[in-house]
Structure formats: C-alpha cells, structure tokens
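**Student:** My questions will all concern the structure given below.
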Amino acid sequence: MPSIALVTLVVRDYDEAIAFYTDALGFDLVEDTDRGNGNRWVVVRPPADAGGVGGLGNVGLLLARAKNDTEEASVGNQTGGRVGFFLHTEDFARDHARMTEAGVTFLEDPRHEPYGSVAVFEDLYGNRWDLLQPA
C-alpha cells in the first residue's frame with residue numbers, strides 16, 4: 001500500500017533548520033547529503049520509536065533551502081497561515097514542557113478537546129503546527 005514518505009518544507013538555511021527540528025522538536029536527522037552547488041538533501045523525522053499514526057510510520061520532512069525570491073517568500077507561510085503540520089505525541093505534558101524549555105513558541109495555552117490535548121506552536125519560520133495527543 002502506498003504511503004507518504006516525505007513532505008517538503010522550504011527553509012532559509014539548512015543548518016538552522018536542522019538545529020531547530022533536532023534540538024527543539026527532538027526529530028532525528030536521517031540524511032544530510034551534499035548535492036553540489038550549495039544544495040543538500042536533508043531529511044528529518046520524529047524518532048522511529050514515536051510510532052507514527054495509523055500504522056503508516058513516520059513521515060519525514062525534506063528541508064529544502066529556498067533558491068529564489070518566490071521560494072523565499074513562501075518560507076514560514078507554506079499553508080497560508082493555517083496549521084499545516086500535526087505532531088502527535090503519546091505524552092502531551094512531557095513534550096509541551098520539553099519544547100517550551102527548548103524555546104518553541106506556543107501561540108496558545110494547552111487545550112483539552114474531545115479529540116485530545118492540543119496546543120498550536122510555530123516553527124522557527126512561523127509555520128503553524130499542532131502538538132496533539134489524540135484522545
């Protein structure tokens with residue numbers, strides 16, 4: 001059965017993006033390959049033991065450095081200001097506290113909804129994410 005393996009996230013700088021996703025969010029750096037001419041193939045994803053959702057495993061992020069003005073303009077606004085990424089957790093309180101301590105900006109206090117515990121946060125570029133522990 002096909003599954004989504006990677007989603008491209010346009011970033012300003014490879015190294016600052018790697019630092020944010022690995023240090024602040026706890027993702028693993030899966031690959032960082034030099035492709036020549038200043039280009040790299042950089043993949044991060046939640047740790048393998050994080051499980052994933054619905055048996056599909058963990059989708060990775062392909063961090064792609066903006067190469068022109070059009071791509072640069074999309075950095076931080078790839079979903080038009082909406083929450084575009086959903087980071088599931090099995091321990092909301094633990095991960096919210098760890099991420100807050102690591103300097104992640106949460107845009108709201110944690111909420112406890114019928115579907116689970118959730119809080120919206122921004123990545124280093126302003127893309128909106130949900131930290132979500134499903135009910």
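The values are calculated or read from the model by the stated rules, or taken from the named source; none is laboratory data. Every value quoted in this text rests on a predicted model; they were computed, and no experiment measured them. Note that each Cβ is placed from the backbone with ideal geometry, even for glycine, and that neighbours are counted across all protein chains shown. Side chains are part of the model used for accessible areas, which takes the heavy atoms of the whole protein and leaves out ligands, DNA and RNA. Shrake-Rupley method; radii C 1.70, N 1.55, O 1.52, S 1.80 Å.
**Student:** Can you tell me which residue in the range 29-48 is surrounded by the fewest Cβ atoms within 10 Å (Cβ to Cβ), limited to those that are over 12 Å from Tyr14 (Cα atoms) and touching a Gly at 6+ places or on another chain (Cβ under 8 Å)?
**Tutor:** Filtering first and then ranking leaves Pro47.
**Student:** Identify all residues within the range 89-135 that are part of a helix (DSSP H, G or I) and either open to solvent by 40 Å² or more (accessible area, probe 1.4 Å) or not aromatic (Phe, Trp, Tyr) (or both); write none if there are none.
**Tutor:** Ala93, Arg94, Asp95, His96, Ala97, Arg98, Met99, Thr100, Glu101
**Student:** Take the range 17-37 and flag every residue that is in a loop (DSSP other than H, G, I, E, B), farther than 14 Å from Thr100 by Cα and in contact (Cβ under 8 Å) with a residue 12 or more places away in the chain.
**Tutor:** Phe27
**Student:** Please pick out the residue among Val43, Val53 that is among the β-branched types (Val, Ile, Thr) and either at pLDDT 95 or above or assigned to a strand (DSSP E or B) (or both). Show your work before the answer.
**Tutor:** Values: Val53 fails: either at pLDDT 95 or above or assigned to a strand (DSSP E or B) (or both).
None of the others qualify; the one that does is Val43.
**Student:** Could you tell me whether any residue of the range 57-74 is touching a strand residue (DSSP E or B) at 6+ places or on another chain (Cβ under 8 Å), of a type outside the set (Lys, Arg), without any contact (Cβ under 8 Å) to a residue 40 or more places away in the chain and in a strand (DSSP E or B)?
**Tutor:** Within the range 57-74, none of the residues are touching a strand residue (DSSP E or B) at 6+ places or on another chain (Cβ under 8 Å), of a type outside the set (Lys, Arg), without any contact (Cβ under 8 Å) to a residue 40 or more places away in the chain and in a strand (DSSP E or B).
**Student:** Any chance the range 98-110 includes a residue that's small (Gly, Ala, Ser), under 14 Å from the mean Cα position of the chain (by Cα) and at negative phi?
**Tutor:** No: zero hits.
**Student:** Something else: Any idea which of (1) more than 12 Å from the chain's Cα centre (by Cα); (2) surrounded by 13 or more Cβ atoms within 10 Å (Cβ to Cβ); (3) of a type in the set (S, T, N, Q) is the one Thr22 doesn't satisfy?
**Tutor:** Result: Thr22 fails condition (1) only.
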